[in-house]
Amino acid sequence: MSKSRFVFDKFAKLIEKGLVNYKDISDELISILKSKRDEIIFKMKLASKEEVDVLNKRISNLEKKFQDKKKRKKANKVKK
């Protein structure tokens, strides 16, 4: 009975260490993959979401100004 208890204790410790190591390895792997993703994005010179939103807003404002100027020119060209 004591031998089986000894084997079960060793087996339980092995499984426990394996789970802890698995958790550490998976966390490390995820952090490595995230850093590689960030490197790729940096190398591709992609813009962040905030930058894209700001640029879209600026473009829409410029389009509005352009349309307003276009309407004013049409109104000035009308002959009386």
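Condition check ((1) assigned to a helix (DSSP H, G or I); (2) surrounded by 10 or more Cβ atoms within 10 Å (Cβ to Cβ); (3) modelled with pLDDT under 85; (4) of a type in the set (S, T, Y)) across all residues:
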| position | (1), (2), (3), (4) |
| --- | --- |
| E16 | yes, yes, yes, no |
| K23 | yes, yes, yes, no |
| L46 | no, yes, yes, no |
| K57 | yes, yes, no, no |
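Being assigned to a helix (DSSP H, G or I), of a type in the set (F, W, Y) and within 17 Å of the chain's Cα centre (by Cα) narrows it down to one residue among F42, F11; which is it? Explain how you work it out, then say what you get.
Working: F11 fails: within 17 Å of the chain's Cα centre (by Cα).
Only one candidate qualifies: F42.
The values are calculated or read from the model by the stated rules, or taken from the named source; none is laboratory data. Given the structure is predicted, the values throughout are model-derived calculations rather than measurements. Ideal geometry is used to build each Cβ from the backbone, glycine not excepted, and the neighbour counts take in all protein chains shown.
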